[in-house]
Every structure is written in C-alpha cells, then in structure tokens.
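Notes follow once the structure below has been shown.
Nothing in this text is a laboratory measurement; each read-out follows from the coordinates by a stated rule. Quantities reported herein were computed from a predicted structural model and do not represent experimental measurements. For neighbour counting, all protein chains shown are included, and Cβ atoms are generated from backbone atoms with ideal geometry for every residue, glycine included.
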Amino acid sequence: MPSLHALHRPTATTLVCATVAALACAPAGAVTGPADTLPGSPAAPAGATMQLAQAVPGPDSPDVGLNGVARGDWLPLTVAPGAPLPPDRFLDTHSCPFRQAPPPAFDASETPPPGTTPPPPKPVPDPAPGDGRLNSCDTVAGAGFDVPDRLSTGAWTVYDVDTGEVLAAKDAESLYRPASTIKVLLTMLALKDLRPDQVVPVPEKALTVDGSAVGLGATGRYTARQLLEGLIMRSGNDAALALAEAMGGEERTIRRMQELADSLGAASTRITTVMGLDAPGVQTTAADMSLFYRAAFRDKDFRELVGTRLVDFPGYEDHPGYQLSTDNELLAAYPGTIGGKTGFTDNARHTFSAAAERDGRTLGVMMLNGTVAAGRPWQQAAALLDAGFAADPRASVGSLEKTAANAKAQRDGGASASASAGAAADGSGSGRVPTEPPPRPPPARPTAACRAGPSVAGCGSWGSCWSSRRSGRSCGAAAGAAPADAPADAPLTPRRSPTGSAGSPSTRTCHPLAAPGQKTPRF
C-alpha cells in the first residue's frame, strides 16, 4: 500500500519558505527532475545538488501584513547552528506585552465579517493564576534545569505529567494562539463520546475546509478511530468537522470544548473553532494548554492515539486507500516519546506539544508562538525535554494543580492566595502586568512530498501548503521533498505518490502566501 509520510529537509540554511510570496513553500532547492533521480535516491548521480526552480525574495522582503508586521520579522528563517539568532520582538516578553491581548495578527483571519463586532480580548486575570513563579513573563527554571540557549519560542513550559509540577517556563500566563494543538480538547471529547468502530458520516463542509486535511470523500466510510488518527497524525480539519458533527454539531462541540477547558482549570482560553484556525477572539496560554495536555497524557487511549506512527487510511470511489503517517518527528527522533501534537497558523506561528518518558519520569512540553530560527519545533522541544530530565526531580517553579485551583477560585469570585503570593514574590502581578500505555510500533521514518507546478519542492508548515487527497489541493506522498518538522541535516527521502502518477490526488500542492491583509492556508 502506498504511504503518506512527513518529509526530510536537505539543510537548515536553504529554507526560504517563510518569506516567499511567489513560491511560498519551496526550500532553496526545488528539483525539476523525476522522483527517481532526486538526491539521495539510488539513481541520483554523485554530487547531485538541489537547485532553485525560480528566484525568490529573501527575508528582507518588503511585504508587510496587518498591523505593520513585516513578513520576514514574523516568520524568520532557520539559521545555521552557532550563528546568532535573528532579533524577534515577538519573543521578547520581559515587559509582559501579551497579558492584555495576543501578539498582533499578520493576516486577516481574525478580522470579523462586515457588520459584526469581534469579541474583546479576555485579559489574563491580575494577579494571574499561575502558582509560584509561573506568573513571570521571563524565563524561570527550577534547580538543575539548564535552559537551552537556542530557543525561538515565545512561551513554553516543561512539566511533570504525573505530579503537575512545572520544572521551567517562559511567559506561561500570557495570551497566544494555539493553532492545531487545541485539537486536544476535541480529541478528549471524541474519545469519550464515540465508539472507536462507530461509522461517522462526512459533512459537506468538511470537503472544502480551510487548512490541513486528511482527504475525506463524501462517499467514504470512516470510523471514529480513523478520523481521530487523521485528526492527530495529519491535523485533518476535515476530520475535525466530521467528528464535531457526530457529537452534535460544530457550535455545540465548540461550547463543550470550552466547558472542558474551563473544568480543567483554564483561566484565559477562548475556543473559537473545533480546528484551531485563527478566528476573531481566539486565545490561550501555555499554562492553560499544559493543563489540557497533562490531563490527556494521563489517558491511556489518548497516549495510544498520539503514539501511532503509521496506519492504513481508507480511500473512496476511485481514490485508493493509503498509509497515513504522523507529522510529529519527535516520535521517531527522540527515545521515549509518548506523542504529541503539532500546530501552525500564520498568526499563531508554530505551536507544539509532546511528552516523553525516561527513568521512570514522564515530562511534558508545551510551546506557543514559535519560529524555526532555532530549529524545528520538535528539535526545540527535544532540547527542553533533555534539560528537564537532567534537572533535579524535585525542581519546580509552580504547580499546575494549584494554578488550576487558582483559576477556578478567581472565576468563582475569590482571588487565590497562592496566585497573589506568587505574583508578589516575582514582581509580575499588577506591577508588570506581567495504566501502562500500549507499546508503540517500531520506528518508521516518515516521508512525503510537495508539488509546485512541474517542480518538486519541500513543503514547510508555514501555512503555505495544506493537505487533502483531492486533486489540486492535497497532501500526500508524491515525489520527494523535505518534511515540515524534520532535522535540518536529514537526507531527502524520495517517495512515490499513492497512485504512482504525477497527477495523483495524493500530492501536496504548494500555494503562495496570500497578499498582505488576505487569508492564507493554515495548519
């Protein structure tokens, strides 16, 4: 059976996806030859190199999005190891700039329709509910936690899944966008509500959904389990809509996701879609997201789902079934990984969640508002997890359980003593507004590909490319290319499309970033 996989990028320094308007998802190396002559394949000539298919503007492109945000500032390129990271004002959180509202939007996804009023931002409570030092907007770390010096992530936490203690964090109580990582709430509801073998109809709106899609067909027959695999492994927004419809409809499911978030202790999360796409009013915090994923990682069924690397996915009509692989590179690259979820939209930038086990400990990592300047999200997550496992097991800057209790107390009308004390001690209160999991299958190296006209180009998760299995707008295993979240030095792995033809419905079609002020495809 053909396979659909994640890709591998040739080098870190050849990436140009983030700033390109004309060829938004090509690395500096779009290949014009057939798949079996790609570098790294058996037939590739010695010394073969990647060549640009066309000229593209660099990171100093004058393109500017909404709010005066320059494209190159918003999505900087990966830089070579050892080279200085580019300045990024959206990662400088010392003055707590995002306590009242998330970072400025780059595109028009959050612009309300004419005649409507967007919901106002839901400011972080003052004092913020974070326990201990979690209210700080700066980086805080417990004993023995050596914070990696190369990170390009605005907000993050490293926490103990079992105890709820946070080992280290940065700006955990400020407002950001979750992108597809918010699908954890939809997944938790679906695991509870739907039988794994329950057949779920495909609603018409799932066939034209924005963003990433696993490629559902109107006449396809899909079980809840298969849709959950498509939701987690490929971030399928079509699968999200089908699952939501099966649970009472999209609006009802959004309300239930919000209720679940609140019940888990969220203080500043607002659910606006079942998929995590940018929309007016969307917001969350790294602390809130850590609460959601801590609960999920303690669930046996969720762990089995996010730990899945490769499954058969059904086809429909003349579209053959294919093998679906995870887009979470951490599963293959980091020993002990339980699983997690990737995310990207133009306004959220990169988001990422994962958990891993080592020496009897289970640690989770949550990352929001990231770029690839310091490496792919999974690589930065691996560095944070390494620091966590090397730290004193008793290290703590605050408790997720106490943070949740504080948020619930504030919501019920009473300020928490521990939140107040933590804010006072840290100076980030009003002053600076500041069961054993199932065994995983053996490692499988994910692979996939993008097609950009006659060339084969690597697709990155910059919102420039989305997946589906319908002709002209789909993601699959076409020729060969580089992965969305692959190691910078990983070899290019060529793969054939599910049907073996250049025009098969299982290809990953790349599209230019939209002009400033317009919506662009999102993951």
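For the stretch 298-379, what class follows from the C-alpha gyration tensor (a ≥ b ≥ c being the square roots of its eigenvalues): rounded when a/c is under 1.5, otherwise prolate if a/b is larger than b/c, else oblate?
oblate
Just to verify a number: FRET efficiency for Thr163 and Val64, C-beta to C-beta distance, R0 = 30 Å, to 0.05?
It comes to 0.05.
Expected output is a single nm value to one decimal: the length gained when fully extending between Thr139 and Gln198, i.e. 0.36 nm times separation in residues minus the C-alpha distance. What is it?
Roughly 16.7 nm would be gained on extension.
Is the stretch 225-272 best put as rounded, prolate or oblate by its Cα gyration tensor, with a ≥ b ≥ c the root eigenvalues, rounded for a/c under 1.5, and otherwise prolate when a/b is larger than b/c, oblate when not? Before the final figure, lay out the partial values.
On the way: a/c = 2.48, a/b = 1.66, b/c = 1.49.
Taking the square roots of the gyration eigenvalues as a ≥ b ≥ c, the stretch 225-272 is prolate.
Given axes a ≥ b ≥ c from the Cα gyration tensor, I'd like to know whether the stretch 137-257 is rounded (a/c under 1.5), prolate (a/b larger than b/c) or oblate. Don't skip to the end; give the middle numbers.
Numbers: a/c = 2.73, a/b = 2.32, b/c = 1.18.
Taking the square roots of the gyration eigenvalues as a ≥ b ≥ c, the stretch 137-257 is prolate.
R0 = 22 Å: FRET efficiency of Glu251 with Ala101, Cβ-based, nearest 0.05?
The computed FRET efficiency comes out at 0.35.
For Lys122, list the lysines whose Cα falls under 24 Å from its own Cα; do not include residues on the same chain fewer than 8 positions away.
Lys170, Lys183, Lys402, Lys408, Lys519
Going by average Cβ neighbours within 10 Å, how do the peptides 356-363, 74-81, 209-216 rank, with the highest at the top?
209-216, 74-81, 356-363
Can you pull the one-decimal nm distance between simple spin-label points at Glu304 and Val147, each 7 Å off the Cα toward Cβ?
4.0 nm
So how far apart, in nm, are the two label points at Arg361 and Thr208 if each is 7 Å from Cα heading toward Cβ?
Placing both labels 7 Å along Cα→Cβ, they lie 5.2 nm apart.
Could you work out how far the C-alpha centroid of the stretch 77-131 sits from that of the stretch 228-278, in angstrom?
So the separation of the two Cα centres works out to 22 Å.
Could you rank the peptides 272-283, 195-206, 119-130, 217-228 by their average count of other C-beta atoms within 10 Å per residue, with the highest value first?
Going by the mean number of other Cβ atoms within 10 Å, highest first, we get 272-283, 119-130, 217-228, 195-206.
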